[in-house]
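Any read-out appearing in this document is the output of simple, stated calculations on the displayed coordinates, not a laboratory observation. Quick caveat, the model's predicted, so the values are computed rather than measured. Cβ atoms come from the backbone with ideal geometry, glycine included; neighbour counts cover every protein chain shown.
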Amino acid sequence: MADTDLIKMRLTFWRDGKKPGDLIDVPVDEVHRWKGYAEQVEAPKPTAKSASPAAAAAEQPKATK
């Protein structure tokens, strides 16, 4: 996972020594675990690379015969 796969969230409750209102960086796939403890501040940014192999194959130039 790249560093760009992080979302800023603002804490709403005390957690791990941080107080409500503090901003934290949360991995995109961990956001669901922070529901109730923090609210999302910014929308996730799409990554430059496509996730599916079919889309990656479509982006590659076709070889000439």
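Annotations for the structure displayed:
- Taking amide H as placed 1.01 Å from N in the peptide plane, the amide H of Asp22 sits under 5 Å from that of Leu11, each at least 5 places away or on another chain.
- Computed 3J(HN,Hα) for the stretch 17-31, one whole-Hz value per residue from the Karplus formula 6.51 cos²θ - 1.76 cosθ + 1.60 where θ = phi - 60°, is x, 9, 9, x, x, 5, 8, 10, 9, 10, x, 3, 6, 10, 4, glycine and proline marked x.
- A crude spin-label estimate for the pair Val31 and Lys8, with each label 7 Å from Cα along the Cβ direction, gives 1.5 nm.
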